[in-house]
1. Check whether at least one residue in region 32-44 is within 13 Å of ligand 1 (Cβ to nearest atom), touching a residue at least 24 places away in the same chain (Cβ under 8 Å) and assigned to a loop (DSSP other than H, G, I, E, B), and report yes or no.
2. Check off (1) buried (at least 20 other Cβ atoms within 10 Å of the Cβ); (2) under 22 Å from residue 194 (Cβ atoms) for residue 119 and give me the number that stays unchecked.
3. Pairs please, first residue from region 125-139 and within 8 Å of ligand 1 (Cβ to nearest atom), second anywhere and of a type in the set (Lys, Arg), Cβ atoms under 6 Å, 6+ apart in sequence or on different chains.
4. Just give me the residues in region 86-108 being under 29 Å from residue 171 (Cα atoms) and outside any helix (DSSP H, G or I), in sequence order.
5. Considering only residues that are touching a helix residue (DSSP H, G or I) at 6+ places or on another chain (Cβ under 7 Å), surrounded by 14 or more Cβ atoms within 10 Å (Cβ to Cβ) and not acidic (Asp, Glu), which ones fall in region 173-211?
6. Taking the residues in region 76-101 that are in contact with a Phe, Trp or Tyr (Cβ under 9 Å, 6 or more places away or on another chain) and farther than 23 Å from residue 36 by Cβ as candidates, determine which candidate is farthest from ligand 2 (Cβ to nearest atom).
7. Quick check on this structure: which one of 83, 157, 172 is modelled with pLDDT of 95 or more, outside any strand (DSSP E or B) and of a type in the set (A, V, I, L, M)?
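The values are calculated or read from the model by the stated rules, or taken from the named source; none is laboratory data. Since the model is a prediction, treat every value here as computed from it, not as a measurement. Counting neighbours? That spans all protein chains shown, and the Cβs are built from the backbone with ideal geometry, glycine included.
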Amino acid sequence: MNVIFMGPPGAGKGTQAESIVNEFQIPHISTGDAFRLAMKQGTALGLEAKKYVDQGLLVSDEITIGIVKERLQLPDCKSGFLLDGFPRTIEQAEALDKIMDSLGSSIDHVINLHVDRSLLLARLTGRRICRSCGATYHVLFNPPHTENVCDKCSGELYQRSDDTEEKVGTRLDEYLNKTAPLLSYYRNKGNLREVNGEQEIGTVAAQISLLLRGQAK
Ligand code: ADP
Ligand code: AMP
């Protein structure tokens, strides 16, 4: 099963991915995670990506498409995958179609998590992530049992450097200008499903699970 999670930054894509990849046993492919890892390792890719990520801007299509193309060819994607944060431009979506064609496969579900812009700033500035396992928390909406300690692996929680008020503004503008137009792209293809991402985390997860199992419209 090949799935795309769409939605603005802070909509809950990473949070929902945690349970969905577990339930369906498919790899979680987050381009944002890939860029952060490369930046941490200081690779050539990381240094290039940093110029954009640090400003809240999208990394170039050429670089991003190259990463995803390589990743989707790995054997663990044969039985499916969950793309989180890709595609983010029409050019990326068209490239993904070509990659899927070349693999003799296609995208089964595009899930759009809808969250009003007015909620996203609070979600993003309060987000905390585990340094060890990558689990996502929120200081108010989904706090860990012990402050700054991951419930799952006891790792230390940190705040992403682009989750500041200033950068969130730029990231949301990038979303509106470049990514939101993709919704009609997938709507026209007929595989876009809308989920209200403003509901509780467990409710959103249950609705996505039903959609992916073909038990809801
Ligand atoms: P995305 O991957 O789409 O950028 P995240 O999954 O990282 O978004 O979620 C952004 C922040 O909002 C995180 O701090 C997360 O804990 C919180 N969050 C996610 N889903 C919900 C929800 N349904 N209700 C309240 N807070 C949520
Ligand atoms: P995310 O973790 O999805 O919030 O992404 C963090 C940052 O990585 C974004 O603000 C962009 O700078 C970059 N990024 C992630 N995915 C993409 C993509 N598909 N296209 C371009 N840039 C991306």
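1. No, region 32-44 contains no residue that is within 13 Å of ligand 1 (Cβ to nearest atom), touching a residue at least 24 places away in the same chain (Cβ under 8 Å) and assigned to a loop (DSSP other than H, G, I, E, B).
2. Looking at each condition in turn, residue 119 falls short on (1).
3. That search, which allows pairs on different chains as well, returns 137/128; 138/127.
4. Within region 86-108, 86, 87, 88, 89, 106, 107, 108 meet the criteria.
5. Applying the first criterion (touching a helix residue (DSSP H, G or I) at 6+ places or on another chain (Cβ under 7 Å)) to region 173-211 yields 181-182, 185, 192-193, 195, 197-198, 201, 204-205, 208-209.
Still in the list and also surrounded by 14 or more Cβ atoms within 10 Å (Cβ to Cβ): 182, 185, 192-193, 195, 197-198, 201, 204-205, 208-209.
The answer is 182, 185, 192, 193, 195, 197, 201, 204, 205, 208, 209.
6. Per the stated criteria, the residue is 80.
7. Going through 83, 157, 172 in turn, the sole match is 172.
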